[in-house]
Amino acid sequence: MAFAAGTARSILGAFALFVATTAANPAISANAMKTGGLTSQPIGHYEFCKALPAECTIRPNDNGPVHLSRSLWNRILSVNVAVNRSIRPMNDYDIFGKDEVWTYPKGVGDCEDYVLQKRRVLMKKGVPLSNLLITVVRKRNGEGHAVLTVRTDRGDFVLDNLTDAVVPWNKTGYRFLKRQASNHTGRWVTIRGDRSNSVVGAVR
């Protein structure tokens, strides 16, 4: 997708501000989630895996967080904006007549569908799959929600269909519950510091 000059300047300005901020405050660059053991798989992801089993049997090598270069930061920002603008928000019941359907979107979708698309695009752009993790959170109003976590050597960042901004995970205002394991696309792990009760349907 081509971006206007103003958008390009905004992306570069955001990166410059980000670098300046992390240099001034090393704690921000160490901002990584602490994960625990294996936990239940969201029911929507379970059904997604039944429909597309090859998606959920990948065991990527986890070589640690990806290096956050200027180029990668621009890619992350661009993909977040592009996918957010390419999909019209619509809930699963209105699309499929039932809840918790995770799928690659075709013009419309809900939060998990945005996440799947961003993950697929960023993987094609060279980001290791071990650093592109579907994550389940609770919004301030108590509603369940899904976002994409990108693990980097400057911390974990969140791509969200509700905003074009890409921010550190603990600056979102969400309560983080669980995310995909970095070494197996069909497994999920807890996020330490949050109770592991699920806000979306899950299977054991």
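Just one of (1) surrounded by fewer than 20 Cβ atoms within 10 Å (Cβ to Cβ); (2) touching a Phe, Trp or Tyr at 6+ places or on another chain (Cβ under 9 Å) fails for residue 148. It is (1).
Which one is nearest to the chain's Cα centre (by Cα) among residues in the stretch 61-83 that are assigned to a helix (DSSP H, G or I) and among the charged types (D, E, K, R)? Spell out how you get there, then give the answer.
Restricting attention to the stretch 61-83, the residues satisfying the condition of being assigned to a helix (DSSP H, G or I) are 70-83.
Those still in the list that are among the charged types (D, E, K, R) too: 70, 75.
Details: 70: 19, 75: 14 Å.
It comes out as 75.
Here the condition is being modelled with pLDDT under 95 and in contact with a strand residue (DSSP E or B) (Cβ under 8 Å, 6 or more places away or on another chain); of 172, 135, 152, it holds for 172 alone. One residue is enough: does the stretch 84-94 have a residue meeting the conditions under 16 Å from residue 110 (Cα atoms), without any contact (Cβ under 8 Å) to a residue 40 or more places away in the chain and part of a loop (DSSP other than H, G, I, E, B)? Yes. With respect to the conditions (1) closer than 20 Å to residue 185 by Cβ; (2) over 13 Å from the mean Cα position of the chain (by Cα); (3) not charged (D, E, K, R), residue 116 lacks only one, and its number is (2).
Of all the residues that make up the stretch 85-104, how many are in contact with a helix residue (DSSP H, G or I) (Cβ under 7 Å, 6 or more places away or on another chain) and buried (at least 16 other Cβ atoms within 10 Å of the Cβ)? Break it down into steps so the answer makes sense when it comes.
Here is the first cut: in the stretch 85-104, the ones in contact with a helix residue (DSSP H, G or I) (Cβ under 7 Å, 6 or more places away or on another chain) are 87, 98-104.
Retained after the next criterion (residues that are buried (at least 16 other Cβ atoms within 10 Å of the Cβ)): 87, 100-103.
Total satisfying the criteria: 5.
Specify the residue that is modelled with the highest pLDDT; the eligible residues are those in the stretch 6-60 that are in a strand (DSSP E or B) and of a type in the set (Val, Ile, Thr).
First, pick out the residues of the stretch 6-60 that are in a strand (DSSP E or B): 35-39, 41-42.
Narrowing further to those that are of a type in the set (Val, Ile, Thr): 35, 39.
On the way: 35: 95, 39: 98.
Ranking the candidates gives 39 first.
Step by step: first the residues of the stretch 36-51, then only those that are within 16 Å of residue 117 (Cα to Cα) and touching a strand residue (DSSP E or B) at 6+ places or on another chain (Cβ under 8 Å), then the one that is surrounded by the fewest Cβ atoms within 10 Å (Cβ to Cβ). Which residue is that? Ranking the candidates gives 49 first. Considering the stretch 151-181, the residues that are over 19 Å from residue 64 (Cα atoms) and among the basic types (Lys, Arg) include one that is surrounded by the most Cβ atoms within 10 Å (Cβ to Cβ), namely 175.
The values are calculated or read from the model by the stated rules, or taken from the named source; none is laboratory data. Bear in mind that the values here come from a model prediction, so they are computed numbers and not experimental data. Neighbour counts are summed over all protein chains in view; Cβ atoms, including those assigned to glycine, are modelled from backbone coordinates with ideal geometry.
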